[in-house]
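Here the structure comes first, spelled out in structure tokens, and everything after it is commentary.
The values are calculated or read from the model by the stated rules, or taken from the named source; none is laboratory data. All values derive from a computational prediction rather than experimental measurement. Cβ sites come from the backbone with ideal geometry, for glycine too, and all protein chains shown count toward neighbours.
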Amino acid sequence: MRWSAWSRRASARPLLALPLVLAAVQAVPAQTPPTVVPALISLTEARAIVDAAIAYAREQKMLMAVVVVDQSGNVVSGDRMDGVSPANTHLAEGKAFASVMFRQTTEVLGHLAKDRPDRYFGIMNMYPGKVYLVGGGVPLMVDGRLVGAVGVAGLPQGVDEKAGRAGIVAWDKLRDGMRK
């Protein structure tokens, strides 16, 4: 075969392949956007929790950070009081995340270190840098259904959870007012 004949055949190959490429492109269905599960706790509700927890800390003349997450562990809202280390926001988020993932207070989860070290270290290794198993995380339940969690960090042991529960009391009042 001479060079010119080979050249004509080689240049025709891309043209023959073009209909196949176009058919393949048309056969691919349009991608649908991923399904987003709506949060079961609204920003208004999360802010009620945050504001009440901060009010509790102010009454105690203490400083802290607070974070509210939804049922999937995603942050809905959070704040840190003036003078609080930004690290406390991360710790509060870790407490809230752990609480929602395991449907338990982080105070109870923290006892696993003594009672069930295998389970404690398993959790820590499953979620490295994401969970903080020290008191201050409390799940948020509505009619037995998990809707999120609150995490508080920066206060003395046991007081973190009290601040979170003060936020939950305000949230319950808000929800009662919304039903009426």
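Quick notes
- Whichever residue in the stretch 93-103 is under 13 Å from Glu161 (Cα atoms) and touching a helix residue (DSSP H, G or I) at 6+ places or on another chain (Cβ under 8 Å) and, among such residues, is surrounded by the most Cβ atoms within 10 Å (Cβ to Cβ): Lys95
- Unmet requirement for Asn125, which otherwise passes all of (1) exposed (fewer than 15 other Cβ atoms within 10 Å of the Cβ); (2) in contact with a Phe, Trp or Tyr (Cβ under 8 Å, 6 or more places away or on another chain): (2)
- So Met101, is it under 13 Å from Ser72 (Cα atoms) and either out of contact with any Asp or Glu (no Cβ under 9 Å at 6 or more places or on another chain) or of a type in the set (Phe, Trp, Tyr) (or both): yes
- Gly135 vs. criteria over 18 Å from Ser77 (Cα atoms) and free of Cβ contacts under 8 Å to residues at least 24 places away in the same chain: no
- Leu43 falls short on exactly one of the conditions (1) surrounded by fewer than 10 Cβ atoms within 10 Å (Cβ to Cβ); (2) modelled with pLDDT of 70 or more, and that condition is (1).
- Each residue in the stretch 35-86 was checked for being without any contact (Cβ under 8 Å) to a residue 12 or more places away in the chain and aliphatic (A, V, I, L, M), and 1 of them qualify.
- Verdict on Arg80 being over 20 Å from the mean Cα position of the chain (by Cα) and at pLDDT 70 or above: no
- The number of residues in the stretch 141-177 that are farther than 27 Å from Ser85 by Cβ and β-branched (Val, Ile, Thr) comes to 2.
- Tally of residues being surrounded by fewer than 23 Cβ atoms within 10 Å (Cβ to Cβ) and either of a type in the set (S, T, N, Q) or within 18 Å of the chain's Cα centre (by Cα) (or both) across the stretch 143-167: 4
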